[in-house]
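Heads up: the structure comes next, in structure tokens.
None of the figures in this text is laboratory data; all of them are computed from the coordinates on show. Quick caveat: nothing in here was measured; it's all calculated off a predicted structure. In this analysis, Cβ positions are derived from the backbone assuming ideal geometry, glycine residues included, and neighbour counts consider all displayed protein chains.
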Amino acid sequence: MMEWLLPIQNLLGPAWLPVWTVVKIMVIVGPLMGAVAYLTLAERKVIGWMQIRIGPNRVGPLGLLQPIADGVKLLMKEIIIPSGSNKFLFIIAPIMALMPALAAWAVVPFNAELVLADVNAGLLYILAMTSLGVYGVIIAGWASNSKYAFLGALRSAAQIVSYEIAMGFALVTVLMAAQSLNLGEIVRGQQGSYGMLNWYIIPLFPMFLVYLISGVAETNRAPFDVAEGESEIVAGFHVEYSGMAFALFFLGEYANMILVAFLTSIMFMGGWLSPVPFLPDSIVWMFAKVAFVLFLFLWFRATFPRYRYDQLMRLGWKVFIPITIVWVVVVGGWMQTPYWLW
Amino acid sequence: MPEIKNYTMNFGPQHPSAHGVLRLVLELDGEVIVRADPHIGLLHRGTEKLAEHKTFLQAVPYMDRLDYVSMLCNEHAYVQAIEKLTGIEVPLRAQYIRVMFDEITRILNHLMWLGAHGLDIGAMTVFLYCFREREDLLDAYEAVSGARMHAAYYRPGGVYRDLPDSMPQYEASKIHNAAAVKKLNENRQGSLLDFLEDFTRRFPTYVDEYETLLTDNRIWKQRTVGIGVLTPERALALGITGPMLRGSGVEWDLRKKQPYAAYDKLDFDIPVGVNGDSYDRYLVRVEEMRQSNRIIKQCISWLRQNPGPVITTNHKFAPPGRESMKQNMEELIHHFKLFTEGMHVPEGEAYSVVEHPKGEFGIYLVSDGANKPYRLKIRAPGFANLSSLDEMVRGHMIADVVTIIGTQDIVFGEIDR
């Protein structure tokens, strides 16, 4: 597709494919890390405005260099390994938390062409990868050999297990509607002549809400941040972590937030499709929708008190799972009638 | 199979929700609390003993540092105890000023409580909203006493000086330019009373803002309704006072039951709860803020119309004016004696009590006729409230411990003294 690359391709011969894939991965992960860094700044600024304060404004113009300063600070810090901890697991845990958060990006389409791996089971792959993230949290809590961290890990394990199910069922309705597990196909299934009205958010609105809320819970964000529980178990699973080991958890959390925002816009809000018929489809729409969902994440954090851990489980098991199961049946029935317009 | 044992966890003193230096030893069955053992004393400064070695006047600033979020209420109890023993007359204007500042203090305390309680439960924004209003009230403190927190403004026999005619102004700086400063100073052009009146006009809207964020919030209700229930009988038996007692439905407020200062001349209501849970205590305190605002309004209008002396003219207890001191030998001697030896309080004992934002704050003062107290005993409401903690948290979860510490409105300055 890109003719100017042909000479390099000929030069490398069989080594071309791995090299080219690595380049593509870097092109995705690099900007992603940048996005994560600036999402932290955006969070502090947005919540700052909501809380009638200014937010970081000292480092660089308008505080724009703040995330870089934070990153440098964390890099320079010592990684303290508690003496009672299991060293191997303690080090491996943050890697386990970040790795799946990055790996999931392989199948995320940015627009009709831009996707690293256009696999048919994309949705399944995403579900598998996002569920792996919890192992990092559990291992971290266990390896720290601290009571607070252990409680955080227990909470996290319970939480992710319950929300995974609701999330999975919500996505089942999407794949029923799209009749495909391929994320690109799911977006194309929402194409039509009515713009926004063709998106799955219209017929699947309850599922959209369930998915969004489960997404917040899945990423351990307020008001579901019981695994961290700042005011209860201090920092939960990562209470013993410092320096770059802590930063990896942090990066993982924010990369997951962005991932959930991307998935929400792909599954329910038509991905790169334009909301109105007279404007062209473009990657800009994708980013706008992602920014909107991310803003919701920040807004929730500024507004809501934290759930208690048992209440959160109740919400997952007694509210979301019944709703999703009912809606799966409703959508199934609806699709058999001529009134299914999507 | 190994035996399943309960889990013991140390909660605090270095914990974000320990409200200072509370150390709790929690016995946990999973996340459920089996037993909570509060350990105190980490902020003990020996206030009672220190007061025995200082003149009566020098102990006033120690009172600020007891419950350091409701400074002037502490002072009120202390100066009232001296007034009881000596029998000095306090001018009515001073009584009104004291009531006004007691209520400002109550709002300050409840704002701090609401912010911290919200933060404990995870609602961050309320905290910053509350601090925005605290700023104005602390400015009122500053205008009247020169200090934003530890005011040392009340004196035996009145208050240190009359309310100022002007407010401190912001000055332009690197952060605020002249235009921004002008806006900040807009409501500071008149006297302190004008500033406070402006505040009382704005404050009900602010309380509405907090209530929008919390009162009907489903998560807030789930976190507070039915948490830490105290029955009226148990509350009375445990010696609990203040909003904690009123949250349980006992209508007990010293401002109504044994009116002191000018409270009998003012019109206000006492909110009481029904279920005695954290949510009711929240509602009680929020309503108390509104009532305090009402009291402040009445005080402002009274103080505007009734100028007069603000401290007793008995120079055995209050210093004479500078001018008369320069011209009059007797007043010079009074001044000298008062600031070297201090006042002499006749032999006897007195218990003075005020309705402090946290409950019944009492000072038991024993004097042997010297210039220092023979014994000063402080009855801190927080101490009695904290002793009910174990009973309140049993069977709840860790997250609820934080809610209950918050709802008790604990400040270690007064508990450890």
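Structure data summary
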item	result
Averaged over B:112-122, number of beta-carbon atoms from partner chains that fall within 10 Å	3
Rounded D (µm²/s) - segment A:70-182, Kirkwood Rh over Cα pairs, Stokes-Einstein at 10 °C, 1.306 mPa s	98
Cα-based equivalent ellipsoid of segment B:273-417: semi-axis lengths in Å, sorted from largest, via gyration tensor	43, 23, 11
Value of D in µm² per second that Stokes-Einstein yields for segment A:274-342, Kirkwood Rh from Cα pairs, at 4 °C (1.567 mPa s)	81
Order by protection proxy (mean Cβ within 10 Å, highest first), peptides A:86-99, A:147-160	A:147-160, A:86-99
Under Karplus coefficients 6.51, -1.76 and 1.60, residue-wise ³J(HN,Hα) of segment B:240-246 in Hz, glycine/proline x	7, 9, x, x, 5, 6, 5
Interchain or long-range residues, amide H under 5 Å from B:Tyr374's placed H	B:Val366, B:Ser367, B:Asp368
Cut-off under 5 Å, modelled amide H: who pairs with A:Leu116 long-range	A:Val108
Mean Cα-pair separation over length for chain A, i.e. relative contact order, pairs under 8 Å, 6 or more apart, %	22
For residues of B:24-34, the mean tally of beta carbons on other chains within 10 Å	1
In Hz, Karplus ³J(HN,Hα) per residue of segment A:324-330 (6.51, -1.76, 1.60; θ = phi - 60°; x = Gly, Pro)	5, 5, 4, 5, 4, 5, 4
Protection proxy ranking of A:298-308, A:121-131 - average other beta-carbon atoms within 10 Å, highest first	A:298-308, A:121-131
Hydrodynamic radius (Kirkwood) for segment A:6-131, which is based on Cα pairs only, to one decimal in Å	18.3
Sum of side-chain charges, B:His76 neighbourhood, beta-carbon under 9 Å (Lys, Arg +1; Asp, Glu -1)	-1
Within 10 Å of each Cβ in A:297-309, the average number of Cβ atoms from other chains	6
Kirkwood-Stokes translational diffusion coefficient of segment B:27-182, alpha-carbon pairs, 25 °C, 0.890 mPa s, µm²/s	134
Compactness index (Cα Rg / 2.2 N^0.38 Å), segment B:225-319	1.41
Chain B, relative contact order in percent, only Cα pairs under 8 angstrom and at least six apart counted	26
Summed residue charge, Cβ within 15 Å of A:Val59's Cβ, Lys/Arg positive, Asp/Glu negative	+3
Area projected by the alpha carbon convex hull of chain A, averaged over all directions, nm²	20.4
Overall form of the protein assembly as shown per C-alpha gyration tensor (a/c, 1.5; a/b vs b/c)	prolate
Segment B:172-288: Rg to Rh, with Rh as the Kirkwood radius over Cα pairs	1.13
Sequence ranges A:270-280, A:211-221, ranked by mean other-Cβ count within 10 angstrom, highest first	A:211-221, A:270-280
5 angstrom amide H check on A:Trp199, placed H, neighbours 5+ away	none
Size of electric dipole in the protein assembly as shown: Cβ of Lys, Arg +1 and of Asp, Glu -1, about Cα centre, debye, nearest 20	600
For B:His335, net neighbour charge (Lys/Arg +1, Asp/Glu -1) across residues whose Cβ lies under 15 Å away	+1
Selected from B:Arg132, B:Arg35, B:Arg218 as most flexible by GNM, with chain B as the system and alpha-carbon contacts under 10 Å	B:Arg218
In Hz, Karplus ³J(HN,Hα) per residue of segment B:74-79 (6.51, -1.76, 1.60; θ = phi - 60°; x = Gly, Pro)	4, 4, 4, 4, 5, 5
